[in-house]
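Written below as structure tokens is the structure these notes are about.
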Amino acid sequence: MGSGTAVKVISIAIVVALVAAIVIAISSSADAQSAPTSGKCKNGKVGPYFCHKMDLISHVPGSAMGGSGVADVWGWVDPDTKKEYAILGSTGGVQFLDVSDPAEPVYLGRLPIKAPGNVLIWQEIEILNDHAYIVCDADPCGLQIFDLKRLGGAEAALPVWRADAVYPFGAFHSIDSNPDTNHIFLNGVGVVVGTPVIFDVSQPLAPTPVGIMADDGYTHDSLCRTYKGPDKDHKGNEICFNFNEDTVTIYDVTANPMQPEQLSRSTYENASYTHSGALTKDHTTLISTDEGDETGLGLRSTLYIWDVTKLTKPKLIGTFVAQSGTIDHNVYSENDALYHANYVNGFRILDLKNAHKGKLKEVAWFDTVPTSDAPEFNGAWAAYPYLPSGNILVGHMDGGLFIVRPEASVYKSLGVKR
């Protein structure tokens with residue numbers, strides 16, 4: 001199984017802390033604080049916010065979305081109109097905003113959360129083929145599917161939306177997708193002790209069961225991609241990097257989709273709650289996060305750097321240790337950029353050029369919680385850095401949606417074309 005007793009104790013503590021943080025966040029006065037809704041980063045600040053080479057384009061507080069606490073965030077571009085949208089997983093449901101004019105986002109309404117009673121719970125989303133796939137980790141959430149093209153239609157004036165399809169598959173904590181295979185991966189809680197369940201969504205509203213990774217216990221999150229790295233035995237195959245609380249576990253899905261082949265299972269010193277990860281563009285290096293080493297062991301915010309040139313024998317080759325003690329959360333990659341939603345330390349961008357040597361370097365940031373650098377479950381939960389405009393969506397647990405933009409020199413230095 002993927003967890004020892006100590007890890008399970010930390011896991012329970014993390015869940016309790018997260019729920020407490022959301023309750024406090026939603027009832028806090030963060031929205032009422034006097035702060036700018038936009039501004040250039042000058043002398044390291046935008047109003048009270050600390051920054052470096054990153055401007056604040058706009059801020060939509062949680063109060064503008066019914067007082068919801070925000071978790072996951074995705075962006076979507078309408079293929080016909082080219083309008084840009086923000087889709088936020090929140091305690092109040094999935095929130096839709098038109099961010100085509102990033103300085104003046106337009107709130108379009110919400111898809112209500114499917115959770116029991118008044119449970120405060122967050123939702124996670126993946127977007128594939130113009131459809132949003134939505135999960136949360138409380139029954140009876142199931143899997144909700146929403147056709148995003150509806151956002152540009154006659155319903156756009158409605159404050160409350162309905163899903164196109166709902167499947168009672170159970171409760172899941174996270175979701176991943178691979179656009180090359182039209183597979184979605186539902187992780188955590190789930191059907192079989194939290195192990196990833198795979199569905200084919202080639203028909204977007206009719207998921208077809210594919211298989212399950214049933215031999216390593218609970219998976220908190222997964223990163224499943226068509227592998228283009230140097231390991232010849234698996235090149236071109238669908239590979240999943242699973243973050244299983246105390247290990248990084250790698251699977252080859254192509255080998256046997258019904259029960260993917262486990263290639264390796266790797267733990268590391270100070271493993272407390274292995275959480276999520278991102279690959280370099282050449283798939284030689286994996287960056288993973290740990291959500292428990294700061295809260296449980298008192299470490300500073302630490303990212304773990306893995307050589308995955310041989311998928312059966314990954315090697316930990318370095319760490320990046322930040323100046324703050326905040327909790328590292330979700331990471332995303334593009335060319336030489338690593339984007340990091342770092343909870344109380346806000347949104348950060350790191351340079352991946354020397355990741356293969358076990359080294360990372362922070363190059364830009366926007367601190368959404370300037371009053372604290374403590375290991376607290378608050379602040380930047382997730383980010384979406386892939387909009388064609390170059391604007392980045394940052395979901396803030398009690399602060400709503402921040403839209404930020406790095407200086408052009410940052411994108412250029414990291415090979416990101418915007």
Is there a residue in the range 194-214 that is modelled with pLDDT under 95, over 17 Å from Thr254 (Cα atoms) and within 19 Å of the chain's Cα centre (by Cα)?
-> yes
Return the pairs, sorted by first residue and then second, in which the second residue is surrounded by fewer than 19 Cβ atoms within 10 Å (Cβ to Cβ) and of a type in the set (A, V, I, L, M), the first residue lies in the range 207-219 and is closer than 16 Å to Ser174 by Cβ and without any contact (Cβ under 8 Å) to a residue 60 or more places away in the chain, the beta carbons are less than 8 Å apart, and the residues are 6+ apart or on different chains.
-> Ile212/Val191; Ile212/Val192; Ile212/Met258
Taking the stated definitions as given, is Thr326 within 22 Å of the chain's Cα centre (by Cα), in a loop (DSSP other than H, G, I, E, B) and surrounded by 21 or more Cβ atoms within 10 Å (Cβ to Cβ)?
-> yes
Please find, within the range 345-394, the residue that is nearest to Gly89 (Cα to Cα) out of those that are part of a loop (DSSP other than H, G, I, E, B) and among the aliphatic types (A, V, I, L, M).
-> Leu387
Just one listed residue, out of Tyr218, Tyr268, is in contact with a Gly (Cβ under 6 Å, 6 or more places away or on another chain) and among the aromatic types (Phe, Trp, Tyr), and it is Tyr218
Pairs only if they're at least six apart or on different chains, beta carbon under 6 angstrom, first in the range 406-418 and at pLDDT below 95, second part of a helix (DSSP H, G or I) and surrounded by 15 or more Cβ atoms within 10 Å (Cβ to Cβ); list them, first residue then second.
-> Arg418/Tyr411
When you scan the range 120-141, how many residues do you find that are among the small types (Gly, Ala, Ser) and at pLDDT below 90?
-> 1
Spot the failing condition for Tyr85; the list is (1) touching a residue at least 40 places away in the same chain (Cβ under 8 Å); (2) of a type outside the set (Val, Ile, Thr); (3) in contact with a Ser or Thr (Cβ under 9 Å, 6 or more places away or on another chain); (4) over 23 Å from Gly153 (Cβ atoms), and only one is missed.
-> (4)
Matching option when the condition is over 26 Å from Tyr411 (Cα atoms), surrounded by 21 or more Cβ atoms within 10 Å (Cβ to Cβ) and touching a strand residue (DSSP E or B) at 6+ places or on another chain (Cβ under 8 Å), among Ser272, Ser264, Ser276, Ser333 = Ser272
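Here is a yes/no grid of residues against (1) over 24 Å from Asp137 (Cα atoms); (2) modelled with pLDDT of 95 or more; (3) in a loop (DSSP other than H, G, I, E, B):
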position	(1), (2), (3)
Gly188	no, no, no
Gly217	no, no, yes
Ser222	no, yes, no
Asn242	no, yes, no
Tyr251	no, yes, no
Pro257	yes, yes, yes
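The values are calculated or read from the model by the stated rules, or taken from the named source; none is laboratory data. Keep in mind the model is a prediction, meaning the values are calculated, not measured. Here Cβ is always computed from backbone atoms with ideal geometry, including for glycine, and neighbour counts include all displayed protein chains.
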